[in-house]
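Just below is one structure, and these are the notes that go with it.
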Amino acid sequence: MSVLINLLPDTRQVKLRDRRRRQLAGGIAVTIWSVCGAAILLMGLYEGSQKLIIDAQTKKITANEAKLEATPGLVDALTAQEHLAALPALYAQRTYLTKFFEVYTESNPADITLTSLTMDASNVLTVNGSGKTYEAVAKLARALEANHVSLGKQASTANAAYFTNVSLQSVSRSNNQVSFTLNATLDAGVTHGN
């Protein structure tokens with residue numbers, strides 16, 4: 001006696017399972033492609049709308065720029081406004097430089113000749129010049145340190161000095177003249193009297 005096994009229904013079931021898996025994989029692939037296509041389409045639309053917005057804003061800016069350029073006297077008004085904004089800083093520097101020249105006249109200007117006077121953005125005053133003697137140069141440096149404290153109008157030991165960190169950077173003697181470079185920091189916090 002022989003036994004016959006019918007494998008056909010099992011094979012059919014395997015084929016059906018494989019077909020369902022392929023259909024599921026195909027459906028997932030189509031879904032993924034659809035989502036990616038939609039995302040690319042949305043990004044393209046977004047980019048296009050951004051370009052339109054940028055173009056519209058550029059046209060608006062160009063129109064406003066042309067309108068501003070056509071306004072008479074605008075450049076002069078802006079220049080005047082900038083000059084007005086610079087006045088407080090210039091006034092403070094003027095006051096300090098006035099104080100420097102007061103000290104200079106009190107320290108016997110006949111013995112000292114100034115060649116240059118500069119002030120940088122950090123309120124450091126640099127004075128270049130020459131004097132007849134080392135003593136005359138030192139007298140100018142001491143007078144700067146003492147100004148508003150023990151020298152000058154309304155001097156008082158309770159006052160803060162107008163000039164701090166006074167130092168002679170270079171001193172050299174040649175041809176009966178003493179050349180010097182003097183630095184001093186201008187104290188912006190000192191109240192200025194008239």
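The values are calculated or read from the model by the stated rules, or taken from the named source; none is laboratory data. Since the model is a prediction, treat every value here as computed from it, not as a measurement. No Cβ is skipped: glycine too gets one built from the backbone with ideal geometry, and neighbour counts run over all protein chains shown.
General observations
- Of the residues making up the range 114-124, one or more are under 30 Å from ASP187 (Cβ atoms), modelled with pLDDT of 90 or more and among the hydroxyl-bearing types (Ser, Thr, Tyr).
- Total residues in the range 104-123, condition at positive phi and touching a residue at least 40 places away in the same chain (Cβ under 8 Å): 1
- Odd one out for ALA77, checked against (1) closer than 29 Å to THR164 by Cα; (2) without any contact (Cβ under 8 Å) to a residue 40 or more places away in the chain; (3) of a type in the set (A, V, I, L, M): (1)
- Residue within the range 104-111 that is farther than 14 Å from THR164 by Cα, of a type in the set (Gly, Ala, Ser) and either at pLDDT below 85 or part of a helix (DSSP H, G or I) (or both) present: yes
- Unique match (being over 14 Å from ASN183 (Cα atoms) and either surrounded by 11 or more Cβ atoms within 10 Å (Cβ to Cβ) or assigned by TED's automatic domain parsing to the domain that holds ASN175 (or both)) among ASP111, ASP120, ASP76: ASP111
Here is a yes/no grid of residues against (1) in a helix (DSSP H, G or I); (2) within 30 Å of ALA143 (Cβ to Cβ); (3) more than 27 Å from the chain's Cα centre (by Cα):
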position	(1), (2), (3)
ARG19	yes, no, yes
ALA66	yes, no, yes
GLN81	yes, no, no
LYS99	yes, yes, yes
